[in-house]
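Shown next, in structure tokens, is the structure this report addresses.
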Amino acid sequence: MELNKAALVVTKVGPWAWWRSWWKSQSPNRQDRFANLAPVAAVVLFLAAIASAFWYLRVEEIEREQEAIKRDVEYAQQRLRLRLLERQEQVMRLARDVSNKEIRTDQFLSRAEALVLQYPEFLSLTWIDDRRRILANQSVSSISPSQHMRAGTVLKIGETESHFSLARDLMQPIYGQMDPETDKDAQIPVLQLHTPLSNDQGGFSGVILAEYTMEGLLRYGIPTEVLAKYAVALQDGKGRLLAGQTIPGRIALWSALPGSDKPNNDYEVPVSPVGNDLILRAQAWRTSQGLVGSGLFWLVSVLSVMTAWMLIGNWRHTQRLA
């Protein structure tokens with residue numbers, strides 16, 4: 001009943017008049033207490049507003065950076081994909097001429113040498129028959145003798161042989177990798193393309209094996225503007241580094257608070273047509289320490305805490321005098 005009467009009074013006289021009536025009904029000591037606590041509450045609310053504003057602006061900045069790196073990495077992936085498809089088309093054209101018996105071994109070596117010299121990502125081009133016997137090989141001059149596939153030798157059992165068998169079974173180009181950690185014959189990470197050859201009856205008659213260096217794909221397949229803006233790396237499906245720069249793991253978003261370390265703003269995408277076994281990953285360079293934003297935040301925080309401390313001390317001093 002009393003609550004209903006109070007509500008009726010507030011409705012009739014308005015909230016401001018009700019507030020004045022409530023304030024006058026308080027004792028002087030309580031009025032002094034509320035008067036001294038109000039500035040402290042205002043300072044606390046001000047500090048909370050400043051912290052929220054800094055947090056919001058930092059999150060907005062992170063989202064903009066993430067959108068930018070996503071756009072740039074997808075653009076780089078498209079450029080690398082286009083370069084791989086162009087090299088694949090050239091190897092398939094060479095394989096088609098070999099299948100049609102339009103070129104001999106010496107002509108194959110001449111055309112393979114021209115491709116290796118023209119496109120620096122090529123490590124070697126090899127003609128292998130259906131019995132895994134190497135008929136011809138053209139490699140870059142910088143390759144070590146132990147890596148040469150010599151004519152007349154047989155393809156070694158390993159990752160290369162398994163990719164060879166898959167190309168024979170599917171009769172379509174197959175990509176594979178050779179990693180020094182998993183294949184003792186590989187001295188550097190290599191991307192292989194097995195392009196099948198066909199005989200007059202349409203059966204399998206061998207492959208043209210094209211090998212690319214991972215460093216060459218990264219250097220010549222990724223646009224220079226992306227390499228200048230980000231730390232770029234090529235990784236396998238297990239996250240192992242194949243080429244480029246080592247990129248540390250991600251840091252949680254909460255570390256983006258003013259004064260803390262900037263989060264690792266990175267993005268990764270699989271490289272087509274290789275698939276999930278080849279990942280392009282990039283991380284934005286840390287160009288600023290955020291000293292201006294962090295300095296302003298901590299300056300406002302210190303001033304707010306000092307103001308609140310002085311107000312509380314003044315209130316306690318007043319209480320002792322009373």
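The values are calculated or read from the model by the stated rules, or taken from the named source; none is laboratory data. In this text the structure is predicted, and so the values were computed from the model without any measurement. Don't worry about glycine lacking a Cβ; one is built from the backbone with ideal geometry, like all the others, and counts go over all protein chains shown.
Computed values, structure above
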| quantity | calculated |
| --- | --- |
| The range 67-118, residues that are among the aromatic types (Phe, Trp, Tyr) and either under 20 Å from ILE174 (Cβ atoms) or surrounded by 19 or more Cβ atoms within 10 Å (Cβ to Cβ) (or both) | PHE108 |
| Check on LEU234, farther than 19 Å from VAL274 by Cα, touching a residue at least 24 places away in the same chain (Cβ under 8 Å) and of a type in the set (A, V, I, L, M) | no |
| Restricting the range 285-309 to residues that are assigned to a helix (DSSP H, G or I) and small (Gly, Ala, Ser), the residue that is modelled with the lowest pLDDT | GLY293 |
| Residue count for the range 125-156, restricted to those that are at negative phi and either at pLDDT 85 or above or part of a strand (DSSP E or B) (or both) | 15 |
| Residue in the range 180-189 that is of a type outside the set (Lys, Arg), buried (at least 19 other Cβ atoms within 10 Å of the Cβ), out of contact with any Gly (no Cβ under 6 Å at 6 or more places or on another chain) and at pLDDT 90 or above present | no |
